[in-house]
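The structure under discussion appears below in the form of structure tokens.
The values are calculated or read from the model by the stated rules, or taken from the named source; none is laboratory data. No experiment lies behind these values; they were computed from the predicted model shown. Every residue, glycine among them, receives a Cβ derived from its backbone with ideal geometry; neighbour counts consider all protein chains shown.
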Amino acid sequence: MPVFQLSHRVAFPDPDLAEADGLLAVGGDLSPARLLLAYSIGVFPWFNEGDPILWWSPDPRCVVLRGEEHIPRSTLRKFKRGDFEIRFDTAFEAVMRACAEPREGQEGTWISEAMVEAYAALHQAGYAHSIEAWQKDRLVGGLYGVSLGAAFFGESMFTRVPDASKAAFAALCEKAWGWGFHFIDAQVPTEHLARLGARKVGRGEFRAWLRNAMEGTTQVGIWTSQ
């Protein structure tokens, strides 16, 4: 089956028509409206700099459900005793750029300048958020993603000191479950995400959960630590 070619005006095809590897469509743009539409139906962009925009709907999907998150004891101890100052939405672009920094075993990053600009615009619109771990006013870890309905769609995380990104993840879970979110979408399964409690679910089951979550109220605007 040929991959669907998007123009700037054409909506996405049915995500169940994705290729075996999860690739659904090519092209389109990274406007806030396009991104929000994509997330609302379980689709997200993922492509290397210099390549056309690629849109994905993987099967299986990786999600974290309430009560299934696994926060290591060492992280919980640091989190509870205040080793990290957790902030929300105070350094969104800095978190994205930190997530884009080279990592051991990786040749490059998919977080291109175009992606930074696109998600910064989505952040300004109140839909993309950063959860940050700070020590003595130094950003030492965090993650970012998109909030829509009763779901959070995680994009990437980074750490500069042990447990910093996990502390940010713990703060996200606390915030998300407190608001009654149904799940945190972790997109593509990895061993690291499995260690944090993420599980694999089929695309059909995920999309059913997603339709239900989209009936919830979106927490639009700047998030705070309160």
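Things worth noting here:
- The listed residue being part of a loop (DSSP other than H, G, I, E, B), free of Cβ contacts under 8 Å to residues at least 24 places away in the same chain and either under 23 Å from PHE158 (Cβ atoms) or not aromatic (Phe, Trp, Tyr) (or both), out of PRO52, PRO13: PRO13
- Restricting attention to region 16-37, the residues that are in contact (Cβ under 8 Å) with a residue 60 or more places away in the chain and assigned to a strand (DSSP E or B) add up to 0.
- Set side by side, the residues VAL161, VAL140, VAL188 differ, and just one is among the aliphatic types (A, V, I, L, M) and surrounded by 22 or more Cβ atoms within 10 Å (Cβ to Cβ), which is VAL140.
- Checking TRP134 against (1) surrounded by 15 or more Cβ atoms within 10 Å (Cβ to Cβ); (2) without any contact (Cβ under 8 Å) to a residue 40 or more places away in the chain, the condition it does not meet: (2)
- Qualifying residue in region 71-82 (condition: free of Cβ contacts under 8 Å to residues at least 60 places away in the same chain and part of a loop (DSSP other than H, G, I, E, B)): yes
- Annotation note: Cβ proximity below 7 Å between a residue of region 210-226 that is touching a residue at least 12 places away in the same chain (Cβ under 8 Å) and a residue that is among the polar types (S, T, N, Q) (sequence gap 6+ or interchain) occurs for MET214/SER40; THR218/SER147; GLN219/SER147.
- In region 191-226, the qualifying residues are those that are of a type in the set (Gly, Ala, Ser) and either under 27 Å from GLY82 (Cα atoms) or in contact with a helix residue (DSSP H, G or I) (Cβ under 7 Å, 6 or more places away or on another chain) (or both), and the one that is surrounded by the most Cβ atoms within 10 Å (Cβ to Cβ) is ALA198.
- Residues that are farther than 18 Å from ALA151 by Cβ and among the polar types (S, T, N, Q) were ranked within region 49-80; the one that is surrounded by the fewest Cβ atoms within 10 Å (Cβ to Cβ) is SER74.
- Given (1) surrounded by 12 or more Cβ atoms within 10 Å (Cβ to Cβ); (2) touching an Asp or Glu at 6+ places or on another chain (Cβ under 8 Å), index of the condition GLU113 fails: (1)
- None of PHE12, PHE4, PHE44 is buried (at least 19 other Cβ atoms within 10 Å of the Cβ), modelled with pLDDT under 90 and either not assigned by TED's automatic domain parsing to the domain that holds GLY126 or not basic (Lys, Arg) (or both) except PHE4.
- So GLU68, is it among the acidic types (Asp, Glu) and in contact with a strand residue (DSSP E or B) (Cβ under 7 Å, 6 or more places away or on another chain): yes
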